Amino acid sequence: MISRMTTTGRLLPWSSPDGKPCYLIGDGTGYVSRVADNIESVQLGMAAELLGHAADMLDDRQVTPEQLRFVVARMAEALRDLHRIAKSRGARLPVPAPDGWEQSDTPPSEV
């Protein structure tokens, strides 16, 4: 059986109590991975809803500066969450082989 265990930690969508990033080492099928997937899904959904709300507010000429500041603060939070999700998912993508040679080949600089 081939193990899918990875040595690269998954950046989780939450921080430690002192604000440090949390990582998970594993095969991506365990309980903590599923909780992280669920939280990321909720964060993505909330960001999508927030975009719709912001668009509605921009069309409303009676929106107050306080209301706009509030929605911008929520958008900053959502953007922070989405940036963390993108970093986490990007770090787990396989690295493609450079153009012109297969991963099993000797790199062109070593020929």
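Note on Ser33, Ser88: ascending count of other Cβ atoms within 10 Å places them as Ser33, Ser88, the fewest first. Ranking of Lys87, Lys20 by neighbouring Cβ atoms within 10 Å, starting from the fewest: Lys20, Lys87. Stretching the chain fully between Leu79 and Asn38 yields a gain of 13.0 nm (0.36 nm per residue, less the alpha carbon separation). The phi-based Karplus calculation (6.51 cos²θ - 1.76 cosθ + 1.60; θ = phi - 60°) puts the 3J(HN,Hα) values of the stretch 19-32 at x, 7, x, 10, 10, 10, 9, x, 8, x, 10, x, 4, 5 Hz, whole numbers, x for Gly and Pro. With neighbour counts taken as other beta-carbon atoms within 10 Å, the residues His83, His53 rank, fewest first, as His83, His53. Extension gain for Tyr31-Thr64 works out to 7.5 nm (0.36 nm per residue, less the C-alpha to C-alpha distance). Judged by the ratio a/c of the largest to the smallest principal axis of the C-alpha gyration tensor, the stretch 10-90 counts as prolate, that ratio being 1.5 or greater while a/b is larger than b/c.
Between Ala97 and Cys22, the distance separating the two model label sites (each 7 Å from Cα on the Cα→Cβ line) works out to 3.9 nm. Close amide H pairs (under 5 Å, H built 1.01 Å from N) link Leu12 with Cys22, Tyr23, Leu24, residues at least 5 positions away or on another chain.
Here, each number is a calculation from the coordinates, and none is a lab measurement. Because the structure is a prediction, the values reported are computed rather than measured. In this analysis, Cβ positions are derived from the backbone assuming ideal geometry, glycine residues included, and neighbour counts consider all displayed protein chains.
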